[in-house]
Amino acid sequence: MAQQYALITQAARSPAFYQHMGVPDTVMGRFEMIAVHLILYLRRTGTAGVAAQGIAQEIVDAFFEDIDHSIRELGIGDMGVPKRMKKLARMFYGRVKSYGQSIEAGDEAVLADALGRNIHPDDAEAAKSMQQLSHWVMQAARALEQTGEETLASGRLTYPPATAE
């Protein structure tokens, strides 16, 4: 489980997302990219066997523990953490739904719009630049569909590289 979460966070830190695909290298930008990678992971494991689905639940738990830890490191006091966690959980599950629907429909333009609204909520111009990220997400979803059950059950799913196009 720890190995799979490490692979997810490592992939989400690829410099290409921040240098070439319009994702800001900020706390929220990193949250967004971990969320994207976790959503891709959950999409793939959702049709997998019991072992992989069990690991997926552990990964989601680790993600929220990581967020809790990060919030505390940013100096949010104990009283403010539950409120922030609820907000971030709503944000994450909203993304699971909207990104999932776009991926399922194969609609890169709608996905790019959703990514833009979430990654650049206050900057309409920057939000327009999410086409390359949307394209990568679609390619990654297709590639992950080819991942075998044994790889999923062992917690060693990897992502296609993010590169500047």
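Residues Met33, Met21, Met91: which one is modelled with pLDDT of 90 or more, in contact with a helix residue (DSSP H, G or I) (Cβ under 8 Å, 6 or more places away or on another chain) and part of a loop (DSSP other than H, G, I, E, B)?
Working: Met33 fails: part of a loop (DSSP other than H, G, I, E, B); Met91 fails: part of a loop (DSSP other than H, G, I, E, B).
Only one candidate passes the filter, namely Met21.
Check Leu133, Leu144 and return the single one that is at pLDDT 95 or above and farther than 20 Å from Tyr5 by Cβ.
On inspection, the qualifying residue turns out to be Leu133.
For the range 123-165, which helices (runs of 4 or more DSSP H) that fit wholly inside it have 1 or more residues that are touching a residue at least 24 places away in the same chain (Cβ under 8 Å) and of a type in the set (D, E, K, R)?
Working: elements: 124-127, 131-144, 149-154.
Counting at least 1 such residues, we get 149-154.
Check Glu104, Glu32 and return the single one that is over 15 Å from the mean Cα position of the chain (by Cα) and within 29 Å of Ala153 (Cα to Cα). Step through it out loud before you land on a result.
Values: Glu32 fails: over 15 Å from the mean Cα position of the chain (by Cα).
Matching residue, one of Glu104, Glu32: Glu104.
Just checking, how many residues over the range 63-94 are closer than 22 Å to Leu133 by Cα and touching an Asp or Glu at 6+ places or on another chain (Cβ under 8 Å)?
Quick first cut of the range 63-94, residues closer than 22 Å to Leu133 by Cα only: 63, 88, 91-94.
Subset that is touching an Asp or Glu at 6+ places or on another chain (Cβ under 8 Å): none.
Residues flagged as closer than 22 Å to Leu133 by Cα and touching an Asp or Glu at 6+ places or on another chain (Cβ under 8 Å) within the range 63-94 amount to 0.
Report the residue count in the range 137-165 for those that are within 25 Å of Gln57 (Cα to Cα) and open to solvent by less than 90 Å² (accessible area, probe 1.4 Å). Lay out the reasoning, then the answer.
First, pick out the residues of the range 137-165 that are within 25 Å of Gln57 (Cα to Cα): 137-161.
With open to solvent by less than 90 Å² (accessible area, probe 1.4 Å) added as a condition, the list becomes 137-141, 143-144, 147-149, 151-155, 157-160.
Selection size over the range 137-165: 19.
I'd like to verify a number: residues in the range 98-117 that are open to solvent by 40 Å² or more (accessible area, probe 1.4 Å) and in a helix (DSSP H, G or I), how many?
Looking only at that region, the number is 8.
Can you report the number of residues in the range 17-66 which are open to solvent by 10 Å² or more (accessible area, probe 1.4 Å) and either of a type in the set (D, E, K, R) or within 17 Å of Ile119 (Cα to Cα) (or both)?
Residues that pass the stated criteria total 18.
Only one of (1) in contact (Cβ under 8 Å) with a residue 40 or more places away in the chain; (2) open to solvent by 80 Å² or more (accessible area, probe 1.4 Å) fails for Glu73. Which number is that?
Condition (1) is where Glu73 drops out.
Quick check on the range 84-96. Is at least one of its residues open to solvent by less than 30 Å² (accessible area, probe 1.4 Å) and more than 15 Å from Ile34 (Cα to Cα)?
Within the range 84-96 (the criterion being open to solvent by less than 30 Å² (accessible area, probe 1.4 Å) and more than 15 Å from Ile34 (Cα to Cα)), the answer is no, since none of the residues qualifies.
The values are calculated or read from the model by the stated rules, or taken from the named source; none is laboratory data. Keep in mind that this is a model prediction, so the values were computed, not measured. Neighbour counts are summed over all protein chains in view; Cβ atoms, including those assigned to glycine, are modelled from backbone coordinates with ideal geometry. Heavy atoms of the whole protein, side chains included, go into the accessibility calculation; ligands, DNA and RNA do not. Shrake-Rupley method; radii C 1.70, N 1.55, O 1.52, S 1.80 Å.
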